[in-house]
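To start, the structure under review is shown below, and the notes come after it.
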Amino acid sequence: MSVRIELSEDKLIAYLEGELDHHAAPPIRQQIDEAILQHKPKKLIIDFEALSFMDSSGIGLVMGRYKTASEVGATLTVQNISAQVYKVMRLSGIDRIAVIKLKSQMRG
Amino acid sequence: MKAVNQIKLTLPSLSANEGFARVAVGAFVSQLDPTVDELADIKTAVSEAVTNCAVHAYGDAIGTIYIIAEYYSDRTVKIKIKDKGCGIENIEQAMQPMWSSLGGERAGLGFAVMQSFTDGVKVRSVLGKGTTVTLKKVLSQRVHI
Ligand SMILES: Nc1ncnc2c1ncn2[C@@H]1O[C@H](COP(=O)(O)OP(=O)(O)OP(=O)(O)O)[C@@H](O)[C@H]1O
Ligand SMILES: [Mg+2]
């Protein structure tokens, strides 16, 4: 699993790739947090397009990044969410703290 | 009813084995030609149960995780994930969504995921002895042309 971080103006976009589980989460968490604290964006966007698996550890990762983003006053959007990942997210009430954009909503 | 096929896996509770366990069980279940969603559901539920063995059962130590997966002629899949770790004091509370005994970034959603992604979750646990989680999933009938 890996994360690629892109900055554009006041946006910080973290592109996740691979399988996000308890084993993979710690270095991803650290890289995204470092980037948030260093660049203090207005918007944090986590992109799930290239993510092939996620379990509840992914929820922990998103909620944790929401906290870090809040510390610098940034909002959180999670985008390119597959139907399978959405089934996990739906259980968590993440939609109350973040904007969720499903894969199907991203096109057109 | 007798299982048509069965596998047993024994592995150390290293976090690196979370991925291996779900992929191995997924490969076994693939013999039944499940739908993409059914397979993803099973892998996610197995990942939750195995991760719990790695995170909670043995504390900072490394113990053993025992997995038995089997399927029946009616396309029922049963997966037993067992540890000989600390056990769960209050199973009802543990299965409550958003409840976690650990801080950090645990969402407390593992059991909720297992429940919503399968057709049945049974938990047996004895404090100081260990925990067995049994997941059941009934696969849809597939029509082959
Ligand atoms: N195999 C186990 N051995 C001992 N305790 C367990 C085991 N599995 C679960 N538990 C207990 O049940 C609680 C709830 O488990 P659950 O998987 O729902 O949440 P979590 O693991 O804390 O968080 P998450 O799965 O969202 O990362 C755990 O916090 C732990 O106290
Ligand atoms: Mg868990």
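What are the residues in segment B:66-100 that are closer than 21 Å to A:His23 by Cα and within 14 Å of chain A (Cβ to nearest Cβ), if any?
Answer for segment B:66-100, where residues must be closer than 21 Å to A:His23 by Cα and within 14 Å of chain A (Cβ to nearest Cβ): B:Ile81, B:Met98, B:Trp99, B:Ser100.
Which residue pairs have Cβ atoms closer than 9 Å, lie 6 or more positions apart in sequence or on different chains, and pair a first residue in segment A:12-32 that is closer than 15 Å to A:Gln79 by Cα with a second residue that is within 16 Å of ligand 2 (Cβ to nearest atom)?
A:Leu16/A:Met54; A:Leu16/A:Gly58; A:Leu16/A:Leu61
Sort out which residues of segment B:25-37 are within 14 Å of chain A (Cβ to nearest Cβ), assigned to a helix (DSSP H, G or I) and open to solvent by 20 Å² or more (accessible area, probe 1.4 Å), and write them in order of number. Before you say what the answer is, go through the steps one by one.
Let us first name the residues in segment B:25-37 that are within 14 Å of chain A (Cβ to nearest Cβ), namely B:25-26, B:34-37.
Okay, now just the ones that are also assigned to a helix (DSSP H, G or I), so B:25-26, B:36-37.
Scanning segment B:25-37 gives B:Val36, B:Asp37.
Where residues in segment B:12-24 are more than 14 Å from the chain's Cα centre (by Cα) and either in a helix (DSSP H, G or I) or over 22 Å from A:Val85 (Cβ atoms) (or both), which of them is nearest to the other protein chains (Cβ to nearest Cβ)? Full working, then the answer.
So in segment B:12-24, the residues more than 14 Å from the chain's Cα centre (by Cα) come out as B:12, B:14-16.
Still in the list and also either in a helix (DSSP H, G or I) or over 22 Å from A:Val85 (Cβ atoms) (or both): B:12, B:14, B:16.
Details: B:Pro12: 13, B:Leu14: 8, B:Ala16: 6 Å.
Ranking the candidates gives B:Ala16 first.
For segment A:60-96, enumerate the residues that are surrounded by 16 or more Cβ atoms within 10 Å (Cβ to Cβ), assigned to a loop (DSSP other than H, G, I, E, B), without any contact (Cβ under 8 Å) to a residue 60 or more places away in the chain and away from ligand 1 (no atom under 16 Å from the Cβ).
Correct list: A:Ser82 only.
Pick out the one residue from B:Ala54, B:Ala49 that is within 14 Å of chain A (Cβ to nearest Cβ), within 8 Å of ligand 1 (Cβ to nearest atom) and in a helix (DSSP H, G or I). First the steps, then the outcome.
Numbers: B:Ala54 fails: within 8 Å of ligand 1 (Cβ to nearest atom).
Result: B:Ala49 is the single residue among B:Ala54, B:Ala49 that is within 14 Å of chain A (Cβ to nearest Cβ), within 8 Å of ligand 1 (Cβ to nearest atom) and in a helix (DSSP H, G or I).
Give the residues of segment A:20-59 that are within 16 Å of ligand 2 (Cβ to nearest atom), part of a helix (DSSP H, G or I) and touching a helix residue (DSSP H, G or I) at 6+ places or on another chain (Cβ under 7 Å), sorted by residue number. Show your work before the answer.
Going residue by residue through segment A:20-59, those that are within 16 Å of ligand 2 (Cβ to nearest atom) are A:20-26, A:53-59.
Pick out the ones that are also part of a helix (DSSP H, G or I) and you get A:25-26, A:56-59.
Selection gives A:Ala25, A:Ser56, A:Ser57, A:Gly58, A:Ile59.
Quick one: which residue in A:Val78, A:Val72, A:Val85, A:Val99 is within 12 Å of another protein chain (Cβ to nearest Cβ) and either within 27 Å of B:Ser100 (Cα to Cα) or of a type in the set (A, V, I, L, M) (or both)? So that I can check it myself, show each step before the final result.
Details: A:Val78 fails: within 12 Å of another protein chain (Cβ to nearest Cβ); A:Val72 fails: within 12 Å of another protein chain (Cβ to nearest Cβ); A:Val99 fails: within 12 Å of another protein chain (Cβ to nearest Cβ).
Step by step, each of A:Val78, A:Val72, A:Val85, A:Val99 is checked, and only A:Val85 is within 12 Å of another protein chain (Cβ to nearest Cβ) and either within 27 Å of B:Ser100 (Cα to Cα) or of a type in the set (A, V, I, L, M) (or both).
The values are calculated or read from the model by the stated rules, or taken from the named source; none is laboratory data. On a predicted model such as this, the values are computed, not experimentally measured, just so you know. Here Cβ is always computed from backbone atoms with ideal geometry, including for glycine, and neighbour counts include all displayed protein chains. We work out accessible area using only protein heavy atoms, side chains counted, and drop any ligands, DNA or RNA first. Shrake-Rupley method; radii C 1.70, N 1.55, O 1.52, S 1.80 Å.
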